[in-house]
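Data first, discussion second: the structure below is written as structure tokens.
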Amino acid sequence: LDRLFDFAIPDELDTAAQPGCRVRVRFHGRRVTGWLIERGEAQFDGKLQPLLAVSGPPVLRADVAELARLVADRYAGSLTDVLRFSVPARVAAVEGSEPPARPEIVAGNGLWRDYPLPASGAASWICHPHDEPFAMLADLARNSTGAIIVVPDARDVARLASLLPEAAVLTGELSNRVRYRTHLEILAGSRPIVIGTRSAVFAPVPDLGLIAVWDDGDDVLAEPQAPGWHAREVAALRGWQTGARVVVGGYSRTAATAQWIADGTAADVSLPREVARARRYVVDALHEPDRDRRRIPEPAFAVLRKGLESGVVLVQVPRVGGAQGLVCQACGHVARCGRCGGGVRPDRQGTARCRLCHQVFDTCESCAGREFVGVGAGSQRSADELQRAFPGIPVLRSDAQSGVLEAIDVERGIVVATPGAEPPGQYSALLILDTEVLLAVPGLRAREEAVRRWLAAIARTAPEAPTMIVAPQDLPAVQALVRNDPGSFAQTERAEREAAHMPPAFRCVRMRGESAAVASWIEAYGADVLGPLETTAGAEALILVPRPGTATLRRVQEIQAARSKAGEPVVEVRVDPVDLGA
């Protein structure tokens, strides 16, 4: 059903029935709601069913409908699945209201003077951790004819809205009434600047001159519902469609936008070498990791002590809770139960036990050592350890378990936070612990995500504050911080994935479903497929083809349409999923 159908327009609906309106029609014996996309001569020779009703004014602009079609084809989905994110639900009570006057927008202050931002086209922007990215985005929006700025979450929206009070705000937290009224105001041209979360990328801004996406590596910018589009890719499609400037940025760079640079479709926007050298931020790592195997080695304690002399220190840990396992302090081997091979961790009384058979563990199977240290310890364990090490110093937690702190009310202390939960402030030092947890995540983007989270923490520090990352300095992800060079790291990530025939250099289509359904899907495809691989939820298979893979995506759409029409079991299809390998 992913195509246009012809209906007759009765005389009494001729004036109201305009492209972009919602309409009621009879379809296969049922009354359903659809969109009037275009008017013209019928392409069907038989008798046409008439429109039954027109619901409201035109709210779907032609260019947004065209964008929705491009997105559906890019993600092997259907047009209607994309349109539900493009236009909010109708609330008739707000229709007919006079839109507010267009606000006067004061031109920006030239905050981009250090960055080689092109006047048009697409750009992959690496923001220096001690610059103000939201102020820079607000500056860019004010110098555009019309602008859309997409950020990951509501906290970012609130922060940006405080800098752009004249902008319209679109988030999932708004009521249908407010969202629909704002949509009508944008359509009327009263709100030339829009800020919001991922679906704001479809906002019908007239005379669109800028589409910006901040922190495109954040998973929340990928829509979880079918067809699983990503705001970054929709922004790129819309920029290509309308000619608007596209700026995708973050403190780090994703392999996806590194691919844009390699393809020549986007400019590399980062500080010139001489400017970056003058504004270097200090990051240190372990030069001899085998010398001190403790979770918090002596160099890390030195950074904490130095930072506490002048203010509050930030300690970033990858997760909440306590220790997830033990490592022998003498030989470094992970503690495993000698009876069943299960992992070992402390119980509530602090006794080391096997997770599976609960056998008490007190001796290393490798070297007979009896001293162990926790690995993968979360924020709770970290706060307890630091409080014992620094008695009399306030140790605060900020995480999903204990609550995210909105502010710090001490002049001197330690804040233990998980990624994304760091309270605002300028910290006098930063310590990054348990780096192996993020780097060992079973996913294609593990190292990229680790660098993104670490740089976001560095952005919370004062310009001269030192950062200590407890990891061997020769790891590529750690080198990206030590050398202040996330751009080269992103290019390396992209090149390694290209060699492995993985996204973003290759287009990936993932199928998930019941084993029989996935096998039937593969049989219908009739070409090389990786898998199926049996999982706890059924089966999974992959198609990997060189970009752009247009023919493959079209074939995937055809198979999905045929299976839907035949009523066959559902197979979830995702193109370039962000959680590939997880």
Quiz item: So Leu530 clears everything in (1) modelled with pLDDT under 95; (2) under 22 Å from Gln225 (Cα atoms) except one condition, right? Which one?
Solution: (2)
Self-check item: Members of the stretch 52-75 that are of a type in the set (Gly, Ala, Ser) and open to solvent by less than 10 Å² (accessible area, probe 1.4 Å)
Solution: Ala68, Ala72
Quiz item: Could you say whether any residue in the stretch 45-65 is touching a residue at least 60 places away in the same chain (Cβ under 8 Å), in a helix (DSSP H, G or I) and either of a type in the set (Lys, Arg) or within 19 Å of Tyr180 (Cα to Cα) (or both)?
Solution: yes
Practice problem: Might you let me know whether the stretch 78-97 holds any residue that is in a strand (DSSP E or B) and modelled with pLDDT under 95? | Solution: no
Practice problem: Working only within the stretch 497-507, note down all residues that are in a loop (DSSP other than H, G, I, E, B) and at negative phi. | Solution: Ala500, Met502, Pro503, Pro504, Ala505
Quiz item: Name the pairs: first residue in the stretch 531-547 and touching a residue at least 24 places away in the same chain (Cβ under 8 Å), second residue of a type in the set (D, E, K, R) and assigned to a strand (DSSP E or B), Cβ to Cβ under 6 Å, at least 6 apart or on different chains?
Solution: Glu540/Arg512; Leu542/Arg510; Val545/Arg507; Arg547/Arg507
Exercise. Scan the stretch 459-491 for residues that are under 20 Å from Pro297 (Cα atoms) and among the β-branched types (Val, Ile, Thr) and jot them down.
Key: Thr467, Ile469, Val470, Val478, Val482
Practice problem: Output the number of residues of the stretch 138-182 satisfying the condition of being among the basic types (Lys, Arg) and touching a residue at least 40 places away in the same chain (Cβ under 8 Å). | Solution: 4
Exercise. Please go through the stretch 362-399 and pick out each residue that is assigned to a loop (DSSP other than H, G, I, E, B), of a type in the set (Ser, Thr, Tyr) and touching a Lys or Arg at 6+ places or on another chain (Cβ under 7 Å).
Key: Thr363
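Is it fair to say Leu405 is farther than 28 Å from Val344 by Cα, touching a residue at least 40 places away in the same chain (Cβ under 8 Å) and not small (Gly, Ala, Ser)?
Numbers: farther than 28 Å from Val344 by Cα: yes; touching a residue at least 40 places away in the same chain (Cβ under 8 Å): no; not small (Gly, Ala, Ser): yes.
Here the answer is no, as Leu405 does not meet what is asked.
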Quiz item: Tally time: how many residues in the stretch 501-526 are touching a residue at least 12 places away in the same chain (Cβ under 8 Å) and either over 27 Å from the mean Cα position of the chain (by Cα) or open to solvent by 50 Å² or more (accessible area, probe 1.4 Å) (or both)?
Solution: 13
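Can you tell me how many residues within the stretch 35-44 are touching a strand residue (DSSP E or B) at 6+ places or on another chain (Cβ under 9 Å) and either without any contact (Cβ under 8 Å) to a residue 12 or more places away in the chain or open to solvent by 60 Å² or more (accessible area, probe 1.4 Å) (or both)?
Of the residues in that region, 1 qualify.
Taking Val320, is it in a strand (DSSP E or B), under 35 Å from the mean Cα position of the chain (by Cα) and modelled with pLDDT of 75 or more?
No; evaluated as a whole, the condition is false for this residue.
So in the stretch 533-562, with the set limited to residues that are surrounded by fewer than 16 Cβ atoms within 10 Å (Cβ to Cβ) and in a strand (DSSP E or B), which one is modelled with the highest pLDDT? Break it down stepwise before answering.
Just the residues of the stretch 533-562 that are surrounded by fewer than 16 Cβ atoms within 10 Å (Cβ to Cβ), to begin with: 533-537, 546-548, 550-551, 554, 558, 561-562.
Narrowing further to those that are in a strand (DSSP E or B): 533-535, 546.
Details: Leu533: 90, Glu534: 90, Thr535: 84, Pro546: 93.
Only one residue fits best here, namely Pro546.
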Practice problem: Kindly indicate whether any position in the stretch 104-116 is among the hydrophobic types (A, V, I, L, M, F, W, C) and within 14 Å of Leu271 (Cα to Cα). | Solution: yes
Exercise. Report the residue count in the stretch 210-229 for those that are over 23 Å from Ala158 (Cβ atoms) and open to solvent by less than 20 Å² (accessible area, probe 1.4 Å).
Key: 3
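Go over the candidates Arg191, Arg198 one by one and state the one that is basic (Lys, Arg), buried (at least 22 other Cβ atoms within 10 Å of the Cβ) and under 23 Å from Asn143 (Cβ atoms).
Working: Arg198 fails: under 23 Å from Asn143 (Cβ atoms).
Of the residues listed, the single one that is basic (Lys, Arg), buried (at least 22 other Cβ atoms within 10 Å of the Cβ) and under 23 Å from Asn143 (Cβ atoms) is Arg191.
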Quiz item: Could you list, in sequence order, the residues of the stretch 259-294 that are open to solvent by 40 Å² or more (accessible area, probe 1.4 Å), part of a strand (DSSP E or B) and over 30 Å from Val327 (Cα atoms)?
Solution: Asp268
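The values are calculated or read from the model by the stated rules, or taken from the named source; none is laboratory data. Not measured: the values here are computed from a predicted model. In this analysis, Cβ positions are derived from the backbone assuming ideal geometry, glycine residues included, and neighbour counts consider all displayed protein chains. Protein only, heavy atoms only, side chains kept; ligands, DNA and RNA dropped before computing areas. Shrake-Rupley method; radii C 1.70, N 1.55, O 1.52, S 1.80 Å.
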